[in-house]
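One structure below.
Derivation of every value follows stated rules applied to the coordinates shown; laboratory data play no part. Keep in mind that what you see is a predicted model, and the values were worked out from it rather than measured. For neighbour counting, all protein chains shown are included, and Cβ atoms are generated from backbone atoms with ideal geometry for every residue, glycine included.
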Amino acid sequence: MANGTGRAHWGSRLGFVLAAAGSAVGLGNIWKFPYITGEYGGGAFVLFYLLCILVVGLPLMYAELIIGRRGGKDPLGALRALTAHAGPGAKALSVFTGILSVAGGFLILSFYSVVAGWAIHFLLVSFGVFPLGEGGAGAAFGALVGDPKLSSLWHTVFMLLSIVVVARGVHDGIERACSILMPALVGILVLLLVYVGMRGGLAEAVTFLFRPNFHALKPEGMLEALGHAFFTLSLGMGAMITYGSYLSRDSTVVRDGVAVAVLDTVIALLAGLVIFSVVFAAGKEPGQGPGLVFVTLPDLFASMPGGTFVGAAFFFLLIFAAWSSAISLLEVVVTFSIDEFGLTRHKAAWVFGAVIWGLGLASAFRGSVLDFLDNLTTRYMLPIGGIAIAIAAGWLVKKEDREAGFRDLGASGPLFAAIWTVIIRFVSPVAVGLVVLQKIGVLKFGG
Ligand code: TRP
């Protein structure tokens, strides 16, 4: 669909919503959400995370889509175009946000691809290529992360998959693939939920996830929950600005935003319920760290009738979900270099993909690098990028642009727009700022 400027657009409204859901749903839901929930004590962490999705995440998703669609470019270009009238401060903020976005794309994808590589390994485990030994999934995971060459191999495979799609462009690559496999992922999680419901552990898992114990929630956990709300919805680094820039003028996406947030949350909660049921049924600890999904589910598949098939299907779908997320991360970097430097898509995808691959080797070789990059991006870069985008959308973009932009999303009624405006101007920046400052120790509440 052309719009006169020559920019490629999503083939249909469904194309956009599938790509946005594909970006949002990924390792964040199935790998990260359960393990951080385990580490930060369950209930209260989950509640705070849900609150962040609703109060900060969804409004910011609209802000990014508005900036992307009206700016029609990569994050830097879109922000610069929309805030040009607002003086040098606005320009500095645009440059800052643009750089943060690209840096975020590089850093997140570098470790994300390593974790996706672990899923490739466990796909092969389910096929019996690497049989589970006596130590079960725990030992298999230990052996994998203890073998950096093997981790690097899967990381290489996953990066190649991502680069090939991005090099071919949004239309070819992303739209078609999402429509069947995303519902299949929900289906398999529901199936697993029914199975663990019969097998045991589900009641404890429900209690763990949904009974808040506010004493367990420390500033660090709050920051992690907030950061994860950004991470899981792909916010705070211009991914939705980039995808929004490929929206055609007449697509109304306000409901799509809600649908993406709901789907994303449902998948995370389903994954959490299944994984913690297995954890509690086996009498293990919830706070097992980044290996959690890989050390629990393969043992469940091994014990389950038809488990070989179910396990293989699960890891296949997980890899696919991670793939459609990785594509959106690389797309930020590639769109930026096309729009700002006039590189060809093909060249940008291969050159920057190779750089990201190289960076990722550090995470494949050292778990501490992976943790460091995960924390740096999730806890600091995404929330700070989110504040910058909220300030730009709320204060620096012209009133007409903001109002028309919000109307173009297809939202009905002035009340909704007024609520959104208040949130994006005041609530989001202040709330995110408070959580970050409190963790850094600049602010102290309570004890
Ligand atoms: N949301 C994805 C997940 O949960 C990861 C992701 C894709 C992402 N694009 C992003 C995270 C942009 C932050 C920013 O797996």
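What does the helix-only formula give at 222 nm for the chain: each DSSP H stretch with n ≥ 4 adding -39500 (n - 2.57), the total divided by the residues, and the result rounded to the nearest 500 deg cm²/dmol?
After summing the helix terms and dividing by the residues of the chain, the value is -24000 deg cm²/dmol.
Rg/Rh for the range 1-138 (Cα atoms only, Rh after Kirkwood) is 1.08. What you get for the range 400-443, charging only the Cβ of Lys and Arg (+1) and of Asp and Glu (-1), is a dipole of about 260 debye around the Cα centre.
Just the Kirkwood number for the range 13-439, please: inverse of mean 1/r across all distinct Cα pairs, in Å, one decimal.
21.5 Å
Would you list Phe352, Phe130 from fewest to most Cβ contacts within 10 Å? By the 10 Å Cβ count, ascending, the order reads Phe130, Phe352. Each Cα pair under 8 Å and six or more residues apart adds its sequence gap; the mean of these over the residue count of the range 299-447 is a relative contact order of 15 percent. For helix 345-365, what angle does its Cα long axis make with the longest principal axis of the chain, in degrees from 0 to 90 and rounded to 10? Approximately 40 degrees, to the nearest ten.
Projecting the Cα atoms of Leu223, Ile389, Pro183 onto the charge dipole of the range 13-439 (Cβ charges, centred on the Cα centre) puts Ile389 farthest toward the positive pole. Going from the residue with the fewest nearby Cβ atoms within 10 Å to the one with the most, Met61, Met182, Met237 rank Met182, Met61, Met237. Among Leu235, Leu107, a tally of other beta-carbon atoms within 10 Å of each Cβ gives an order, fewest to most, of Leu107, Leu235.
Dividing the mean sequence gap of close Cα pairs (under 8 Å, 6+ apart) by how many residues the range 229-310 holds gives a relative contact order of 18 percent. Considering only alpha-carbon pairs that sit under 8 angstrom and 6 or more positions apart, the relative contact order computed for the range 13-439 is 38 percent. The range 333-382 and the range 18-95 have their alpha-carbon centroids 18 Å apart.
In straight-distance terms, cross-link reach from Lys73 covers every one of the lysines whose alpha-carbon lies under 16 Å from its own, apart from those fewer than eight places away in the same chain; here that gives Lys91. Evaluated with a Cβ-only charge set (Lys, Arg +1; Asp, Glu -1), the chain carries a dipole of roughly 820 debye about its Cα centre, given to the nearest 20.
Measure nothing fancy, just the Cα-based angle from helix 148-168's long axis to the longest principal axis of the chain, in degrees from 0 to 90, nearest 10. For helix 148-168, the angle is close to 40 degrees. Ignoring aspartates and glutamates fewer than eight residues from Lys284 along the same chain, the ones with Cα atoms less than 18 angstrom from its Cα are Glu39, Glu134, Glu204, Asp299.
The Cα atoms of the range 312-447 give a gyration tensor whose axes a ≥ b ≥ c have a/c of 1.5 or more with a/b no greater than b/c, which makes the shape oblate.
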